[in-house]
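Here the structure is laid out as structure tokens; the discussion comes afterwards.
The values are calculated or read from the model by the stated rules, or taken from the named source; none is laboratory data. Being a predicted model, the structure only gives us computed values, none of them experimental. Every residue, glycine as well, gets a Cβ built from its backbone with ideal geometry; the counts of neighbours run over all protein chains shown. Please note that ligands, DNA and RNA were not included when accessible areas were found on the heavy atoms of the full protein model with its side chains. Shrake-Rupley method; radii C 1.70, N 1.55, O 1.52, S 1.80 Å.
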Amino acid sequence: MSIFLAQLLTGLAYGMLYFMIAVGLTIILGVMNVVNLAHGTLFMLGAYIAFTFINDEVNFWAALLLAVLLTAVLGLVLEKLLIKRIYGKELEQVLLTFGLSFIIADAIEWIWGTEMHTLPVPGLLSGSLSIGSTAFPLYRLFVVFIGCLLALLLWYLETKTRVGAIIRAGVDDRAMVSALGINVGLVFTGVFAFGAALAGLSGVLGGPLIGMYTGMDSEILVTSLIVVVIGGLGSWKGSFIGAIAIGVIETLGKVWFPSLSMLTVFLIMMIVLIIRPQGLFGREVA
Amino acid sequence: AGCAQSSSTSSGSGSDKGEGSSSSVKIGFILSQTGTFAPLSEGILNGFQLYLDQHNGTLGGKKVEIKVEDDEANPQVALRKYRQLVHAQKVDLLVGPISSAVAYALRDEVEKDKKVLIDANAAGDDLSWGKKSDYVYRVSFSNWQNGSNAAKYLAEQVGKKAVILAPDYPAGKEVLRAFKAAFEAAGGKVVKEIYPKLNTNDFAPYLQEAAAEKPDLIYAFFAGSDGIRFVTQYKEFGLKGKIPLAGSLEFGDELITQPTGEAAEGIIAGINYSPYLDNELNKQFVEAYKAKYGKLPNVFSVEGYDAAAMLDKAITEAGSLRSENLIKVLKGISFDSPRGPIMIDPATNNPIQNFYISKNTLKDGAIVPEVIETVEKVTMPETSPFE
Amino acid sequence: MSLLRVENISKSFKTLQVLRDVSLEVNPGERHVIIGPNGAGKTTLFHCITNILPIDSGAVYLDGKEISKLPAHHLAHLGMSRTFQKNNLFGDLTVEENIHLALAAKKPYRYDIFSPLISRTDIRKETNDILEQWEISNRRHVKVKHLSYGEQRLLEVLLAMASNPKILLLDEPTSGMSPAETAQTSEMIQKLPRSVALVVVEHDMDVVFAIADRITVLHHGEVILSGSPDEVRNNEVVKEIYFGGGAKKHA
Amino acid sequence: MKKLLLGVVLLIALVFAMPLVLSDFGINLATEIYIMAIFAMSLGLIMGYAGMVSLGHAGFFGIGAYTVAVIGQHVANTYLLLLLSVVISGLIALVTGAVFIRTSKFYFLMITLAFGQLLYVLFWQLKPWTGGADGMSVSAILNFGFGEIVSPNGFYYVMGIAFIIFYILLRLFVESPAGKITKGIMENEARMSALGYNVRVYKLLAYTLSGALAGLAGALYAYFNVFVSPDLSGWMFSGQVMVMVIIGGVGTLLGPALGASVFIYLQNFMSTYTERWPMVMGALLVALVLAGKGGLIHWLQHGKSLFVARKRTGEAVSQQPVKKGEAVH
Amino acid sequence: MLELQDVHSYYGTSYILQGVTFSVLKGKCVALLGRNGAGKTTTIHTIAGLHKAKRGSIRFKNRPLESLPPHQISRLGIGLVPQGRRIFPSLTVKENLTMPARKRKADDGGINWDLEKIYELFPVLKERENNFGTQLSGGQQQMLAIGRALMTNPEFLLMDEPSEGLAPVIIDQIGEIIVQLKEAGLSILIVEQNIALACKAADEILIMNKGKIVWSGSPDGLMANEGIQHKYLGVSS
Ligand SMILES: Nc1ncnc2c1ncn2[C@@H]1O[C@H](COP(=O)(O)OP(=O)(O)OP(=O)(O)O)[C@@H](O)[C@H]1O
Ligand SMILES: Nc1ncnc2c1ncn2[C@@H]1O[C@H](COP(=O)(O)OP(=O)(O)OP(=O)(O)O)[C@@H](O)[C@H]1O
Ligand SMILES: [Mg+2]
Ligand SMILES: [Mg+2]
């Protein structure tokens, strides 16, 4: 029993990690309708930036802040220079962001080399909680906490501010929104930068768990895409619930159907889409 | 400082005049420079280049020109790159791949084209058994060697009841089957085998499952980022210090112990190389490597270094670049390596080499694999014992 | 026997009931106009008849055959065709290609995957006939998205007509048209052969009274009146809920 | 029709002229490019003419390749093996497509990704038959009844001719009623169904054709490469072929073929010149998007139209349609 | 208040506005009539900044608008009710209204539009406030589009065919609303196909044909001039 509970908790924490990884993409893809294939690379970049600062004896939290800031700035620049030219053109987005991910990933390899690294768990959180006979690392509880915080933040932005509505309207009909007196360009730039910052943030927070290595970007990307799709485009709530579901099912699946573990997430996605072609919480397309 | 190096000619100018003339040798590398295998490729290239630097950019007295191609760890791409190197660039011989799948794909082609391939990393057992080729010589090690060497020591000194883990792919299965056979032959018992998928982010459920068996030890084979995560999470979930962890040579290698740091302490690994090995050649090698690249060499750097050393000797002895002459010399060739004496076993085309049972200890903040025992001349059986 | 029979259909969106027991009969060749305030449920009624929206209860019969559960593409083959309130065309294709697509729907070779569509003489001829009949031959190679609004509305009707339907449902064919185009369209609708029955939703009273044989008034999802144009024109309730002062000139 | 004929003649001339200028290796690469071009055209068909963007198309390629590799151990007849590849991959496309076409756009992309991954894992796990992750050698030998084809030139002509044949077949499909109707469905599905078309039948038809053709490309590839491994069905490969289609030009047939040749060529040679090839490749992709003509084939067409326009006297260059920055409907 | 001086504009190479000049005075309503494709919407878009003029000057309260982006033009106090409504399908009715909401800037005693006032004006919108924009009937969407423009509390309203698809009784209402708005101090430029409505609401009528203003005068003048009606508006007697 206790081992089952421990695994449930593990799954929950893992799901939250999924949510954190995917949340930036959820916003950019689901809400802004931009396919950002560079998401995984921005994730990776966040981790590497923090790594550099931490190696220079900067405190973990300060490094986190700096990494988030820098990825946000990069997101801002990318949007201003490139992304803004291709709103609404999905295939161009695929090509452009794919190209960007190549460039950024290779730059990372150039700057930081090919060796693998990890980020240290910040001292405060390096202990573990003992639950019955097993131990549960504090840092994972912290990830759960941050995941919830992010969800809360998104909920606030969506319901208590106009930003959510502006973005959705901007995707529907950009020109009309600007004719109503809203600087859509600015909002979109901001949102893209926010999405990039979230990618960077999850990179730093995921660093101690996943590590950093060449080629990780595509794994992160696929994972995030799956989370977004299962949840349903345009619904971060869907991503939240979808991510947790994946985390729990995958964790239990590792124990119950070990031979399927290569496929678990794909199977979950397939089943969800067969039953609900627009994802769990996706809006039906008009 | 520790940048990847350029892939162009190794030294000076004028190496391209007189192509195919016997005064120079063109070597094609097929490596995985992008993706998870990138650090391995970098190590191999660095080691090879270092050897060239130390020998005037020559092997067997011939100026060396190297061409490096990225196979993206994909046999299909590798085959295309192979054709390019052999048919368009007309390389004399090949040093290659990281991935065993790529090695198996190349194997038929080199047979057909009669090109010598020095296998600098791919560890698939069958390359020495069922798919052995006269044109493929492994300078690194095989999965069988990696899995079996520490088993006897572990069964006798650590415990009889083991849970074993490895990723669910051919190398993982091959290492564990070798371990299991040797471990049980030495009186141990494997009570559970666990195969997580390759690139598992979260080992927690597996660790919980393994711990539930209450084994005397856990033996694992995880390379790359999987290895780092496994070792870190082993500690995080409170298993470190509770159940002894042992593993294949990866667990004693810089590539993993450096990033994991203290979490890797106490792991017993059967390694074939460490920068701390106490021999003269190694000391020189480590010095030179550090001077050139600003970091410690790892097992892959040595593979590259040895590939060059072996070719140097082979070309000298063969006195020609013709494959027929080279393969005569390569069979049974022996040379000294920073990891100890090496001899290519003519029965398997696989190196006979020493392995070292070592325990990771923390010294001045760095993990050092302290050698406990040397297993001399680990030799692959001539045919597969598993059929 | 009536051609189209709508029997007591109801439709709700969640808690909002949009159609309540709506019944309707259309005879062959009849010009039947449906009017009613905005949001009365006219478009919804069209969607329900053509099974774009599933109905909650009731039934729809065409030629005595129940069609309420048939997929949209079957209806076209049974002789029912419609236009949409919002233009619903193939913007990136030319006028000619739009008409080709509409015509091919009933051709036996519509599943052919080898011989080029434009090598079919019948479809070329029929397309030419349509283009000439409506005097738009000079626009045949223009991409539809570059047509003016009025021309697009016209094409919308032509596509629906192309399959030679027995009954044609038009949803606000003249909305957004200038008086000139409206008059033309109204004329065109009147010129349609009597072999086609029409059900038209329209807010322009000139058009309504010019074409209607019979008018049904829908209000809050209910039929409040169905009768001759004169009956409707003089009905006090209709005046109040629908015509307002704007209908003075018709009254 | 005349245009098709002219195009085909040009293609034939190209295929037969190339060996005159190419080195041995060039011929080899061109052979591979023909196969990839067939594959890219098969994906281009559903992407550009049916609006279905698949990220699992390598799945069918893998099915075709493994059919030749696995069944080819017992069956020697080339015709039979090719037929089997087409039939098996077509059938699988038919069955899975019936489910997948319920989803649209991005969801379709992702469900096909899962499909490709499923096959990838299948080939990986069925080690006794497929050799697992280590892959397997192909023992079947290409023989159309005129003797075994083993020489690079032999392969070159076989694949070149296959490419032309399938280009013609696809061209015919695109111009056929079914092809035109499928394109109409891509533009406006609801309207097509109101016009009386059974929309799902056409989508499924296109998907099945495309899957079968991808399977055939895979089968040819197995003969050519004499080695197959699960990577043939991996999403990376699916992604690559998708990139080929996009850089070549969506909505055309030769575009994807052109994209395939450029992509393969770059992939092959870029790493020779620079270790930083991913960066160069990335920059090229970004530049292509910024240049904003939507695919290489349009550059060719643009070049051609400039040329033609210059030759015509006095006439103004044809009006470019104005592109509105509208969101997709 | 609003002044257009010799405005020319193009779509690609097609020459649409061919020198448009007119002005709208404060508190007045001007109606722009003309056939389909005459260039009315283009005029509106050019003022709102959604389409850039090639040549000519557009001034609002003596400030040039030509080089401003649409959102800044809107913020100067110009509201838009576009042709075809352009309701945001991903927003609910309520969000469609609150998203662009802005407080009134000018302190001229005019109405300060807010959600409540809009609901008062169009009660049906309140009933549907949680429906998505495009789940409304055509006419309801038109009301929403008007409400949405009012929520930006403009001083000047551009209305492009506000009566399209509305029932006669509602068209009457729209006419009354326009009069009300005018009384509240708004200036209005309205494009219409419904001549009756235009004449009822407007102080001045402009007729556009092929990108040029070909006639201007009072509503009564237009009503009296059947020739003009027939020639440019295609009204048959
Ligand atoms: N998908 C939907 N979800 C919820 N409510 C809807 C939906 N579609 C329509 N409605 C509501 O149903 C009612 C009837 O709408 P319908 O479009 O049928 O009206 P209509 O009679 O065609 O009006 P109009 O003349 O303005 O076009 C309206 O109140 C509308 O808000
Ligand atoms: N995006 C565009 N690209 C090319 N031509 C266009 C575009 N938009 C409009 N046009 C053309 O410009 C001309 C004027 O269009 P506009 O929309 O201004 O007319 P309008 O007077 O508003 O007509 P309506 O009464 O039909 O709304 C028309 O001939 C139209 O075809
Ligand atoms: Mg309606
Ligand atoms: Mg207009």
Task: Residue that is nearest to ligand 3 (Cβ to nearest atom) [pool: residues in the stretch C:157-191 that are within 23 Å of C:Leu147 (Cα to Cα) and part of a loop (DSSP other than H, G, I, E, B)] - done: C:Glu172
Task: Count - residues of the stretch C:206-244 that are within 16 Å of ligand 3 (Cβ to nearest atom), under 18 Å from C:Asp171 (Cβ atoms) and touching a Lys or Arg at 6+ places or on another chain (Cβ under 8 Å) - done: 2
- [ ] Kindly state which helices (runs of 4 or more DSSP H) lie completely within the stretch A:1-113 and contain at least 1 residues that are farther than 30 Å from D:Gly292 by Cα and within 17 Å of the chain's Cα centre (by Cα).
- [x] A:2-25, A:39-55, A:60-81
Task: Members of the stretch A:122-141 found to be within 18 Å of B:Phe203 (Cα to Cα) and of a type in the set (A, V, I, L, M), listed by number - done: A:Leu129, A:Ile131, A:Ala135, A:Leu138, A:Leu141
Open item on the list: Taking the criterion of being in contact with a Pro (Cβ under 8 Å, 6 or more places away or on another chain), on the phi > 0 side of the Ramachandran plot and at pLDDT below 90, would at least one residue in the stretch D:138-151 satisfy it?
Closed with: no
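Please work out if E:Gly37 is within 16 Å of ligand 2 (Cβ to nearest atom), without any contact (Cβ under 8 Å) to a residue 24 or more places away in the chain and surrounded by 17 or more Cβ atoms within 10 Å (Cβ to Cβ). Explain how you work it out, then say what you get.
Numbers: within 16 Å of ligand 2 (Cβ to nearest atom): yes; without any contact (Cβ under 8 Å) to a residue 24 or more places away in the chain: yes; surrounded by 17 or more Cβ atoms within 10 Å (Cβ to Cβ): yes.
Judged against the criteria, E:Gly37 is a match.
So which residues in the stretch C:58-95 are within 11 Å of chain D (Cβ to nearest Cβ) and either part of a loop (DSSP other than H, G, I, E, B) or in contact with a His (Cβ under 6 Å, 6 or more places away or on another chain) (or both), if there are any at all?
If we filter the stretch C:58-95 for residues that are within 11 Å of chain D (Cβ to nearest Cβ), which is where we start, we get C:71-84, C:86-93.
C:Pro71, C:Gly79, C:Thr83, C:Phe84, C:Lys86, C:Asn87, C:Asn88, C:Leu89, C:Phe90, C:Gly91, C:Asp92, C:Leu93 - these are the residues of the stretch C:58-95 that are within 11 Å of chain D (Cβ to nearest Cβ) and either part of a loop (DSSP other than H, G, I, E, B) or in contact with a His (Cβ under 6 Å, 6 or more places away or on another chain) (or both).
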Task: The lone exception for C:Gln133 - which of (1) more than 14 Å from chain E (Cβ to nearest Cβ); (2) closer than 30 Å to C:Arg5 by Cα it fails - done: (2)
- [ ] Pick out the one residue from A:Ala179, A:Ala196 that is in contact with a strand residue (DSSP E or B) (Cβ under 7 Å, 6 or more places away or on another chain) and aliphatic (A, V, I, L, M).
- [x] A:Ala179
Task: Scan of the stretch B:160-173 for residues that are open to solvent by 10 Å² or more (accessible area, probe 1.4 Å) and not in a strand (DSSP E or B), ordered by number - done: B:Lys160, B:Asp168, B:Tyr169, B:Pro170, B:Ala171, B:Lys173
Task: Residue ranges of helices (runs of 4 or more DSSP H) in the stretch D:153-251 with at least 3 members within 14 Å of chain C (Cβ to nearest Cβ) and crowded, with 24+ Cβ neighbours inside 10 Å - done: D:177-187, D:189-195, D:199-225
Task: Checking B:Glu387 against (1) in a strand (DSSP E or B); (2) open to solvent by 70 Å² or more (accessible area, probe 1.4 Å), the condition it does not meet - done: (1)
TODO: Please work out if E:Asp160 is within 16 Å of ligand 2 (Cβ to nearest atom) and out of contact with any Asp or Glu (no Cβ under 6 Å at 6 or more places or on another chain).
DONE: yes
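Surrounded by 24 or more Cβ atoms within 10 Å (Cβ to Cβ) and farther than 27 Å from B:Asn354 by Cβ: does that describe B:Val102? Full working, then the answer.
Details: surrounded by 24 or more Cβ atoms within 10 Å (Cβ to Cβ): yes; farther than 27 Å from B:Asn354 by Cβ: yes.
Yes.
Tell me, please, whether a residue that is part of a loop (DSSP other than H, G, I, E, B), open to solvent by 40 Å² or more (accessible area, probe 1.4 Å) and out of contact with any His (no Cβ under 8 Å at 6 or more places or on another chain) can be found in the stretch D:76-85.
Start the filter on the stretch D:76-85 by keeping residues that are part of a loop (DSSP other than H, G, I, E, B), which leaves D:76-77.
Filter again for open to solvent by 40 Å² or more (accessible area, probe 1.4 Å), leaving D:76-77.
Still in the list and also out of contact with any His (no Cβ under 8 Å at 6 or more places or on another chain): D:76-77.
There is at least one residue in the stretch D:76-85 that is part of a loop (DSSP other than H, G, I, E, B), open to solvent by 40 Å² or more (accessible area, probe 1.4 Å) and out of contact with any His (no Cβ under 8 Å at 6 or more places or on another chain).
Of all residues in the stretch B:301-347, count the ones that are of a type in the set (Gly, Ala, Ser), under 22 Å from B:Tyr276 (Cα atoms) and either over 15 Å from the mean Cα position of the chain (by Cα) or part of a strand (DSSP E or B) (or both). Explain how you work it out, then say what you get.
Residues of the stretch B:301-347 of a type in the set (Gly, Ala, Ser): B:301, B:304, B:307-309, B:314, B:318-320, B:323, B:332, B:334, B:337, B:340, B:347.
Next, from what is left, pick out any that are under 22 Å from B:Tyr276 (Cα atoms): B:301, B:304, B:307-309, B:337, B:340.
Remaining after also requiring either over 15 Å from the mean Cα position of the chain (by Cα) or part of a strand (DSSP E or B) (or both): B:309, B:337, B:340.
Summing the residues that are of a type in the set (Gly, Ala, Ser), under 22 Å from B:Tyr276 (Cα atoms) and either over 15 Å from the mean Cα position of the chain (by Cα) or part of a strand (DSSP E or B) (or both) in the stretch B:301-347 gives 3.
Given the residues A:Thr114, A:Thr71, A:Thr118, A:Thr97, which is the only one that is open to solvent by less than 40 Å² (accessible area, probe 1.4 Å), under 18 Å from A:Leu205 (Cβ atoms) and facing another protein chain (nearest Cβ under 10 Å)? It would help to see each step written out before you state the result.
Working: A:Thr114 fails: under 18 Å from A:Leu205 (Cβ atoms); A:Thr71 fails: facing another protein chain (nearest Cβ under 10 Å); A:Thr97 fails: under 18 Å from A:Leu205 (Cβ atoms).
A:Thr118 is the lone residue from the list that is open to solvent by less than 40 Å² (accessible area, probe 1.4 Å), under 18 Å from A:Leu205 (Cβ atoms) and facing another protein chain (nearest Cβ under 10 Å).
Can E:Phe132 be described as open to solvent by 40 Å² or more (accessible area, probe 1.4 Å), modelled with pLDDT under 90 and within 16 Å of ligand 1 (Cβ to nearest atom)?
Details: open to solvent by 40 Å² or more (accessible area, probe 1.4 Å): yes; modelled with pLDDT under 90: yes; within 16 Å of ligand 1 (Cβ to nearest atom): yes.
Spelling it out, E:Phe132 is indeed open to solvent by 40 Å² or more (accessible area, probe 1.4 Å), modelled with pLDDT under 90 and within 16 Å of ligand 1 (Cβ to nearest atom).
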Open item on the list: Among the numbered criteria (1) assigned to a loop (DSSP other than H, G, I, E, B); (2) buried (at least 22 other Cβ atoms within 10 Å of the Cβ), which one does B:Asn46 miss?
Closed with: (1)
Open item on the list: Could you check the stretch A:212-246 and list, in sequence order, the residues that are modelled with pLDDT of 90 or more, within 21 Å of B:Lys197 (Cα to Cα) and of a type in the set (Gly, Ala, Ser)?
Closed with: A:Ala243, A:Ala245
Task: Checklist (1) surrounded by fewer than 24 Cβ atoms within 10 Å (Cβ to Cβ); (2) in contact with a Pro (Cβ under 6 Å, 6 or more places away or on another chain); (3) of a type in the set (A, V, I, L, M, F, W, C) applied to A:Phe102, failing item - done: (1)
Task: Selected residue [buried (at least 19 other Cβ atoms within 10 Å of the Cβ), part of a loop (DSSP other than H, G, I, E, B) and facing chain D (nearest Cβ under 10 Å)] from A:Gly234, A:Gly282 - done: A:Gly282
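Can you tell me which of E:Ile118, E:Ile111, E:Ile16 is touching a Gly at 6+ places or on another chain (Cβ under 7 Å), over 30 Å from E:Gly234 (Cβ atoms) and more than 16 Å from ligand 3 (Cβ to nearest atom)?
Numbers: E:Ile111 fails: touching a Gly at 6+ places or on another chain (Cβ under 7 Å); E:Ile16 fails: over 30 Å from E:Gly234 (Cβ atoms).
Checking each option against the conditions leaves just E:Ile118.
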Task: Among the residues listed as C:Glu135, C:Glu151, the single one being charged (D, E, K, R), within 16 Å of ligand 4 (Cβ to nearest atom) and out of contact with any Leu (no Cβ under 9 Å at 6 or more places or on another chain) - done: C:Glu151
Open item on the list: Would you confirm whether or not the stretch C:183-197 contains a residue that is open to solvent by less than 20 Å² (accessible area, probe 1.4 Å), at pLDDT 85 or above and in contact with a Lys or Arg (Cβ under 7 Å, 6 or more places away or on another chain)?
Closed with: yes
TODO: From B:Tyr273, B:Tyr305, B:Tyr289, grab the single residue that is farther than 22 Å from B:Ala122 by Cβ and aromatic (Phe, Trp, Tyr).
DONE: B:Tyr289
TODO: Please determine, by comparing only the residues of the stretch E:166-195 that are within 16 Å of ligand 3 (Cβ to nearest atom) and assigned to a loop (DSSP other than H, G, I, E, B), which one is nearest to C:Phe84 (Cα to Cα).
DONE: E:Leu166
Open item on the list: So E:Thr92 passes all but one of these: (1) polar (S, T, N, Q); (2) closer than 21 Å to A:Leu186 by Cα; (3) within 14 Å of chain A (Cβ to nearest Cβ). Which condition number does it fail?
Closed with: (2)
TODO: Give the number of residues within the stretch A:170-181 that are within 7 Å of chain E (Cβ to nearest Cβ), in contact with a helix residue (DSSP H, G or I) (Cβ under 6 Å, 6 or more places away or on another chain) and closer than 16 Å to A:Lys84 by Cα.
DONE: 1
